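*Asks:* Quick one: the structure is below, and I'll ask about it shortly.
The values are calculated or read from the model by the stated rules, or taken from the named source; none is laboratory data. Every value quoted in this text rests on a predicted model; they were computed, and no experiment measured them. Note: ideal-geometry Cβ built from the backbone for every residue, glycine included; neighbour counts use all protein chains shown. Side chains included, ligands, DNA and RNA excluded: accessible areas come from the protein's heavy atoms. Shrake-Rupley method; radii C 1.70, N 1.55, O 1.52, S 1.80 Å.
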Amino acid sequence: EQSTEDLRSNLDSLEEKSAQLHIANKEAMESNRLKSQFLANISHEVRTPLNAILGYTKILQKNLVDDQQKIYIDTIEQSTNSLLAIIGDILDFSKIEAGKLSLDHGDVNLRELVDDVYQILSASLLTSEKQIDLVPEFSEDVPQWVTGDAVRIRQILNNLIGNAIKFTHKGSIRTKVTLVKQTSDQLLFSFKVIDTGIGIPENKLNRLFKPFSQVDNSTTRQFGGTGLGLVITKKLVEQMDGNIDVYSDQKSGSTFYFTLNLQPSEKPAQIPEKLHK
Ligand code: ADP
């Protein structure tokens, strides 16, 4: 049997360990906060000179003397834009880590936004050899106007449809938007981005939404990217009270599906063209 003395000393050492753990935990949290802050600062500092490069590139594009110069200057522009996109991802990721990503609430023309994302991304197909049909589809009851964060909804769609294009060579990329549930102050939407691309191996699916995960992480990998796109996408979806998941097979392609909880908008639907007259 243990004496009271022994018990007391065990209790003391337990308390001491718990205090040590508490300190270690606080230190870990602080170091995590410093890391996020550091990433945010660096990203911010890098953006300024990149924007200067981009600005002067645009000026130079107007005074080109020959075709070779055009190729060089266009490459500088594309590379600068890629760097800005990477920096943007790192900045968003550090904001999310630090719990500092806040959403805007404004009028969003949802149908126009989806169409616009398709328009812009389809421009990138003009200069590629890919043969892909891009098909946005809305169920009839999807309202034109909603209240939400247009920039972030666009970012979610850009990431998913951009990935779909990146990993599809032939076939189609469909986006289906459906209104699932409607109350006086909530609109629940379901989105599906369906591609006919290379698919994702089953054993990689569970790491897909974790930071820096790329299915092909060899140094010789074919596709660029930071491995942050889907992490940011998932966080944005969750901030809009939604969920995201994927099913995929290497024969038919991938389907990313997600829900978003948005709010109704006061703005009336646009009057169809023919009623204008
Ligand atoms: P990245 O910016 O590096 O592409 P993401 O987080 O957007 O990072 O995607 C992570 C990885 O998931 C990609 O590198 C790719 O391997 C895989 N992936 C994402 N979307 C698709 C898709 N539609 N088809 C096939 N693989 C995909």
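*Asks:* Select from the range 101-154 the residues that are open to solvent by less than 50 Å² (accessible area, probe 1.4 Å) and basic (Lys, Arg) and list them in ascending order.
*Replies:* Of everything in the range 101-154, just one residue is open to solvent by less than 50 Å² (accessible area, probe 1.4 Å) and basic (Lys, Arg), namely 152.
*Asks:* Just to be sure before I move on: is residue 64 surrounded by 12 or more Cβ atoms within 10 Å (Cβ to Cβ) and in a loop (DSSP other than H, G, I, E, B) in the structure I sent?
*Replies:* On the way: surrounded by 12 or more Cβ atoms within 10 Å (Cβ to Cβ): yes; in a loop (DSSP other than H, G, I, E, B): yes.
So residue 64 passes the test.
*Asks:* Quick one: in the range 1-43, which of the residues that are under 27 Å from the mean Cα position of the chain (by Cα) and among the basic types (Lys, Arg) is least open to solvent (accessible area, probe 1.4 Å)?
*Replies:* 35
*Asks:* Residues of the range 234-271 being free of Cβ contacts under 8 Å to residues at least 40 places away in the same chain and outside any loop (DSSP other than H, G, I, E, B), which ones?
*Replies:* Hits for the range 234-271 are 234, 238, 244, 245, 247.
*Asks:* Which of the residues that make up the range 180-192 are in contact with a Phe, Trp or Tyr (Cβ under 6 Å, 6 or more places away or on another chain) and crowded, with 16+ Cβ neighbours inside 10 Å?
*Replies:* Correct list: 191 only.
*Asks:* If you don't mind, another one. Looking only at the range 78-93, which residues are open to solvent by less than 40 Å² (accessible area, probe 1.4 Å) and either within 16 Å of the ligand (Cβ to nearest atom) or acidic (Asp, Glu) (or both)?
*Replies:* 84, 87, 88, 89, 91, 92, 93
*Asks:* When the range 244-267 is examined, which residues are found to be crowded, with 18+ Cβ neighbours inside 10 Å, over 25 Å from residue 198 (Cα atoms) and modelled with pLDDT of 95 or more?
*Replies:* 260, 262
*Asks:* Look through the range 113-171, keep the residues that are hydroxyl-bearing (Ser, Thr, Tyr), under 29 Å from residue 186 (Cα atoms) and within 20 Å of the chain's Cα centre (by Cα), and return whichever of them is farthest from the ligand (Cβ to nearest atom).
*Replies:* Ranking the qualifying residues of the range 113-171, first place goes to 147.
*Asks:* Here are the criteria: (1) crowded, with 20+ Cβ neighbours inside 10 Å; (2) among the hydrophobic types (A, V, I, L, M, F, W, C); (3) in contact with a Pro (Cβ under 8 Å, 6 or more places away or on another chain). Tell me which single one residue 161 does not satisfy.
*Replies:* Residue 161 satisfies every listed condition except (3).
*Asks:* How many residues, within the range 193-207, are open to solvent by 50 Å² or more (accessible area, probe 1.4 Å) and either within 22 Å of residue 260 (Cα to Cα) or more than 8 Å from the ligand (Cβ to nearest atom) (or both)?
*Replies:* 5
*Asks:* Answer yes if at least one residue in the range 208-218 is modelled with pLDDT under 95, open to solvent by less than 20 Å² (accessible area, probe 1.4 Å) and either within 7 Å of the ligand (Cβ to nearest atom) or within 12 Å of the chain's Cα centre (by Cα) (or both), and no otherwise.
*Replies:* Within the range 208-218 (the criterion being modelled with pLDDT under 95, open to solvent by less than 20 Å² (accessible area, probe 1.4 Å) and either within 7 Å of the ligand (Cβ to nearest atom) or within 12 Å of the chain's Cα centre (by Cα) (or both)), the answer is yes, since at least one residue qualifies.
*Asks:* Could we say that residue 241 is within 13 Å of the ligand (Cβ to nearest atom) and either open to solvent by 20 Å² or more (accessible area, probe 1.4 Å) or modelled with pLDDT under 75 (or both) here?
*Replies:* For residue 241, the condition - within 13 Å of the ligand (Cβ to nearest atom) and either open to solvent by 20 Å² or more (accessible area, probe 1.4 Å) or modelled with pLDDT under 75 (or both) - is not met.
*Asks:* Continuing with the same structure: Return only the number of the condition from (1) among the aliphatic types (A, V, I, L, M); (2) at pLDDT below 90; (3) open to solvent by less than 90 Å² (accessible area, probe 1.4 Å) that residue 46 does not satisfy.
*Replies:* Every listed condition holds for residue 46 apart from (2).
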